[in-house]
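The values are calculated or read from the model by the stated rules, or taken from the named source; none is laboratory data. Note that this is a predicted model, so its numbers are computed, not measured. Glycine also receives a Cβ, built like all others from the backbone with ideal geometry; neighbour counts cover every protein chain displayed.
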Amino acid sequence: MRPPKVSRILATLAAAALTALGAVTVDSAPASAAIRNVCYNTSQAGPFAGYANQAATIWNNATNNINMAQCGSNLMIYYTYGGGSYAVRNSLGNGYVVIDYYQAQQYSPLRIMTHEIGHILGLADNYNGNCAILMSGGSAGTSCTNPYPSAGEAATVDSYFRSALRSATTAQVFTDSWPAPATAGALR
Ligand SMILES: [Zn+2]
């Protein structure tokens, strides 16, 4: 049985109204709604506090969905003497980074810092020797001082924070390979 014509017209109008409401809702949502704070703490970072701030600025400029600021202790920055730099990610945007003072004498400390923070932001290592890739880490050699994530790496971080992708939010320890510290003993 066909529905009365008036009902069909009303249904069409209702659907149109809902669509319009939906569009208004989407349009009125500010773009900043997706931005998530990553609160880092440099109180234990010693001589590397300034590098942490620089790295935060680099990540903030490279991404759209995160805002790194000293607003808490979700991400602690530590340093140590020997044993290698590493990152411990408890979940996306949460964990801690340890910078090896000796490694930072051989490799760019800012590149190490930005790389290790990259792990906290969801990225894995990509030891392909390409200096343009931040997550290539020490594989690019001691002469590589590039502290900037590639456009692809930045986009990947944005996608993780947009979707909270499971693989990026799992707890993981990244014991980094910055291979040069064969001579670390000599620096002590
Ligand atoms: Zn790494």
With the structure loaded, tell me whether Gly46 is touching a helix residue (DSSP H, G or I) at 6+ places or on another chain (Cβ under 9 Å), small (Gly, Ala, Ser) and at positive phi or whether it fails that test. no
I want to confirm something. Restricting to the range 83-94 and keeping residues that are polar (S, T, N, Q) and away from the ligand (no atom under 11 Å from the Cβ), which single residue is nearest to Ser177 (Cα to Cα)? Asn90
Consider Arg89 against the criteria (1) touching a residue at least 12 places away in the same chain (Cβ under 8 Å); (2) closer than 21 Å to Gly141 by Cα; (3) not aliphatic (A, V, I, L, M): it satisfies all of them except one. Which criterion is unmet? (2)
When you scan the range 73-85, how many residues do you find that are out of contact with any helix residue (DSSP H, G or I) (no Cβ under 7 Å at 6 or more places or on another chain) and at negative phi? 6
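One line per residue, one yes/no per condition, for (1) within 12 Å of the ligand (Cβ to nearest atom); (2) closer than 21 Å to Pro47 by Cβ; (3) crowded, with 24+ Cβ neighbours inside 10 Å:
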| site | (1), (2), (3) |
| --- | --- |
| Asn67 | no, no, no |
| Ser73 | no, yes, no |
| Tyr81 | no, yes, no |
| Tyr96 | no, yes, no |
| Ser108 | no, yes, no |
| Ile117 | yes, yes, yes |
| Asn128 | no, no, no |
| Ala132 | no, no, no |
| Thr145 | no, yes, no |
Residue in the range 164-184 that is away from the ligand (no atom under 15 Å from the Cβ) and modelled with pLDDT of 95 or more present: no
A careful count of residues in the range 147-161 that are of a type in the set (Val, Ile, Thr) and either farther than 19 Å from Gln54 by Cβ or within 12 Å of the ligand (Cβ to nearest atom) (or both) gives 1
